[in-house]
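Chemist: Quick one: this structure, given as structure tokens, is what I'll be asking you about.
The values are calculated or read from the model by the stated rules, or taken from the named source; none is laboratory data. Model, not experiment: these values are computed from the prediction. Backbone-built Cβ (ideal geometry, glycine too); neighbour counts: all protein chains shown.
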Amino acid sequence: MYSTLEKTIILKTASLFSEITAETLSRVAQCSEEETYPAGTVVYREGDPGSAIYVVASGSVKLAVRGIEMGVLRRGDPFGEVAVLNRDIYRGETTAMEDSVLLRIDREDLFDLMQADAEIMKGIVGLLAKRVVQVGSRLLDRVPGAQNGPK
């Protein structure tokens, strides 16, 4: 069982929370719940309601979309945040690849924290903005001639 301090340290390594001070992040850690998943256990399935954000505390989790493996998540990696923030469904399936411990932050707890503390909201919005830029760059890299910019 992780202490609040240990959870705070794990969350601080997550890109989703990296811009948030440790003091503020300890409030997020207090709301998080540890969940243990044996190897091969599904965390959530594609189409399930986006009810929580997860951060890998130990072990590893595979993310697949429509049956295609998208990557392996390890300690400090967050997942499920887009579905939670959009109040949407999960767009992929996550499965523990080995015995894993995840920190689960329920949607309503996260929204309450975001409402109470602008620093948490700024950190999450900042990360999402960076992700939009990264995705846009990846898409441009696939378009012939797009690297040269507008003419």
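Chemist: List pairs: first in region 6-23 and in a loop (DSSP other than H, G, I, E, B), second of a type in the set (Lys, Arg), Cβ under 9 Å, 6+ apart or cross-chain?
Modeler: Filtered contacts from region 6-23: Ser15/Lys130; Ser15/Arg131; Ser18/Lys12; Glu19/Lys122; Ile20/Lys12; Ile20/Lys122.
Chemist: State all residues of region 55-71 that are surrounded by fewer than 20 Cβ atoms within 10 Å (Cβ to Cβ) and either of a type in the set (Ser, Thr, Tyr) or at pLDDT 95 or above (or both); if no residue qualifies, say none.
Modeler: Those that are surrounded by fewer than 20 Cβ atoms within 10 Å (Cβ to Cβ) and either of a type in the set (Ser, Thr, Tyr) or at pLDDT 95 or above (or both): Ser58, Gly59, Ser60, Lys62.
Chemist: Go through (1) free of Cβ contacts under 8 Å to residues at least 12 places away in the same chain; (2) part of a helix (DSSP H, G or I) one by one and return the number of the condition Gly71 breaks.
Modeler: (2)
Chemist: Just wondering, is there one or more residues in region 46-67 that are under 18 Å from Lys7 (Cα atoms) and among the basic types (Lys, Arg)?
Modeler: no
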